[in-house]
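Below is one structure, written out as structure tokens, with a few remarks after it.
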Amino acid sequence: MRRVGMLASVCFVLGVAAGCKSEGDASSAAPDPAAIKAQQELVARRDALLAQREKLKSEAASLQEEIQKVEARGGDATELARKKAEIEIQIQQQTTNLDVAASELAAITSKLDAAGGIAVREARVAERERDIAQREREIAERERQLAMRDGESAKRWAESCTTGTPQMIIQQVAPPKSGTYTRKEVDSLFKRAKAAMSKKGLLPADLGGGAGLEGEITKALADSDWARGYILANQLVQMVEGIRIDRPFISAKYKRLHDRVKAANVDEATQAKLDVGMREVMQQYGDGNFSAANRRINQLWSTL
């Protein structure tokens, strides 16, 4: 509400200023003091969010070091990994808040441009370019850490955070007494897997390395390869039934959604709805309502 009021005040002040000046005066008018003040407040808020995010990143890095030490000693780092996953979610939330602040700053900047604040606009463009460069560095660092983590003994946890699916051993299927499978048997297993996915609210992307299993099963059915279809369907059933809608799962799924939103080219109205929806997901995540958070993510995913 405070930000809405701030923007409304800026628009009103600038509207009055524009109405009192002629077209010749508008090009040389100085930026409105009230708008500049509002912009400075938003810049201060953005800087505070950046500082909070940096602090969280430092905490996450410290936890990663502790995890490595514990794993090196052969200890159980599950609790430390859970805390780190929670901090990473908070970092994503801070990034979302920073995006919202940037949108509000852009709105004020456009008003200042209309009032002759070209120099202010150029300064803001430079700041945004620095922010983009910083975000790219953060992404590169995150990718480097993930690459390092793949070679560590904590690989099981890392995979659960990046794909949202637990690492599991797929049991081999013993051949039937008749020596062959039937389409009916394959269809039954396939329907069981899809029903479990629907009940849990799972998307193909939630299956990690098993995301293409549905397509492979469908192809096996089309080729009348009942043996391959049955084996794949059995793998899909075990994978789906092994997934838990818990904190690590939502953490990983939120990251996938966040990356998808960043890459999407949507209009302002859709972006606003996505921002609101993602904040709702974070609230549900913080409340421990993981099923509701999962459903909300699915709704947002379908809009992209």
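The values are calculated or read from the model by the stated rules, or taken from the named source; none is laboratory data. Here the structure is a predicted model, which is why all the values come from computation and not from measurement. Cβ sites come from the backbone with ideal geometry, for glycine too, and all protein chains shown count toward neighbours.
A few remarks follow.
- Taking (1) farther than 30 Å from Leu105 by Cα; (2) charged (D, E, K, R); (3) at pLDDT 55 or above in turn, Arg137 satisfies each apart from (1).
One line per residue, one yes/no per condition, for (1) among the hydrophobic types (A, V, I, L, M, F, W, C); (2) assigned by TED's automatic domain parsing to the domain that holds Ala107; (3) under 19 Å from Ile87 (Cα atoms); (4) assigned to a helix (DSSP H, G or I):
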{"residue": "Lys37", "(1), (2), (3), (4)": "no, yes, no, yes"}
{"residue": "Leu42", "(1), (2), (3), (4)": "yes, yes, no, yes"}
{"residue": "Ala51", "(1), (2), (3), (4)": "yes, yes, yes, yes"}
{"residue": "Gln68", "(1), (2), (3), (4)": "no, yes, yes, yes"}
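- Residue check, Ser188 among the small types (Gly, Ala, Ser), part of a loop (DSSP other than H, G, I, E, B) and modelled with pLDDT of 90 or more: no
- Filtered by the rule that a residue be crowded, with 16+ Cβ neighbours inside 10 Å and hydrophobic (A, V, I, L, M, F, W, C), region 271-291 gives Leu274, Met278, Val281, Met282, Phe290.
- Check on Asn289, at pLDDT 90 or above and either over 14 Å from the mean Cα position of the chain (by Cα) or at negative phi (or both): yes
- Restricting Leu42, Leu49, Leu14, Leu63 to residues that are at pLDDT 75 or above and either charged (D, E, K, R) or touching a Lys or Arg at 6+ places or on another chain (Cβ under 6 Å) (or both) narrows the list to Leu63.
- Residue within region 261-270 that is out of contact with any Pro (no Cβ under 7 Å at 6 or more places or on another chain), surrounded by 19 or more Cβ atoms within 10 Å (Cβ to Cβ) and assigned to a helix (DSSP H, G or I) present: yes
- Verdict on Glu241 being among the acidic types (Asp, Glu) and closer than 24 Å to Ala85 by Cα: yes
- Pairs linking a residue in region 264-279 that is of a type in the set (D, E, K, R) to a residue that is assigned to a loop (DSSP other than H, G, I, E, B) and exposed (fewer than 13 other Cβ atoms within 10 Å of the Cβ), with Cβ atoms under 7 Å and 6 or more positions apart or on different chains, do not occur.
- Residue under evaluation Asp246, criteria (1) of a type outside the set (A, V, I, L, M); (2) over 25 Å from Glu86 (Cα atoms); (3) without any contact (Cβ under 8 Å) to a residue 60 or more places away in the chain, criterion not met: (2)
- Condition check for Gln284: without any contact (Cβ under 8 Å) to a residue 24 or more places away in the chain and not charged (D, E, K, R): yes
- Test result for Tyr230, assigned to a helix (DSSP H, G or I), among the hydroxyl-bearing types (Ser, Thr, Tyr) and within 15 Å of Val186 (Cβ to Cβ): yes
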